[in-house]
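What follows is one structure encoded as structure tokens, with my remarks underneath.
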Amino acid sequence: MKSNIEALPTLLQKVREVSVIDMRVALANFDLTEQQWRVISSVADAGEINAQDLAEKSAILGPSLSRILSRLESDGILNRKVSPTDQRELNISLSAKGRRLHSRVAPKVAKSYDGFKSLISENKLKQLNNLLQDILKKAVN
């Protein structure tokens, strides 16, 4: 018997696309991709972060992250330096240009997110967030 419940991975992907569509439009005005923005935003939140932690925080796999970091560094948005305590560790921070870009883009991204938030109540959005966080916690442990 076939279930009416859509496959969870497909449903999550569809909801993800709905949640970022307006953000992609906002980012395009700054010539940024969604992944580039996740890197910039994550680095802005952290101040300085190593590459491994950035990959986890931004949910970007190492090879893609490496390309994004190279591009953002060549554009003058990020600074990369080797950790003074561990030569294998790369520390990433925003340059002055990157901080200015973040301050211009962040309000536009927040505004684009308002459209998604209007689709369901604040309470349901919190519930959804909590459920997804619970899944992640259990999957990682």
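The values are calculated or read from the model by the stated rules, or taken from the named source; none is laboratory data. In this text the structure is predicted, and so the values were computed from the model without any measurement. Here the Cβ positions follow ideal geometry from the backbone for every residue, glycine too, while neighbour counts run over all protein chains shown. To get the accessible areas, we keep the full protein, side chains included, count just its heavy atoms, and leave off ligands, DNA and RNA. Shrake-Rupley method; radii C 1.70, N 1.55, O 1.52, S 1.80 Å.
Quick one: which helices (runs of 4 or more DSSP H) lie wholly within the range 28-141 and hold at least 3 residues that are out of contact with any strand residue (DSSP E or B) (no Cβ under 6 Å at 6 or more places or on another chain), in contact (Cβ under 8 Å) with a residue 24 or more places away in the chain and hydrophobic (A, V, I, L, M, F, W, C)?
Result: 34-46, 62-74, 96-117.
Looking only at the range 22-49, which residues are over 18 Å from ALA59 (Cβ atoms) and open to solvent by 60 Å² or more (accessible area, probe 1.4 Å)?
Once the filter is applied, which keeps residues that are over 18 Å from ALA59 (Cβ atoms) and open to solvent by 60 Å² or more (accessible area, probe 1.4 Å), the range 22-49 yields ASP22, VAL25, ALA28, ASN29, ASP31, GLU48.
Open to solvent by less than 80 Å² (accessible area, probe 1.4 Å), small (Gly, Ala, Ser) and touching a His at 6+ places or on another chain (Cβ under 8 Å): is that true of ALA96 in this structure?
So ALA96 does not fit the description; no.
With respect to LEU78, determine if the residue is crowded, with 16+ Cβ neighbours inside 10 Å, at pLDDT 95 or above and out of contact with any Ser or Thr (no Cβ under 9 Å at 6 or more places or on another chain).
Answer is no for this residue.
ALA110 versus (1) open to solvent by 50 Å² or more (accessible area, probe 1.4 Å); (2) in contact with a Leu (Cβ under 9 Å, 6 or more places away or on another chain); (3) modelled with pLDDT under 95; (4) not hydroxyl-bearing (Ser, Thr, Tyr): which is the lone unmet condition?
(2)
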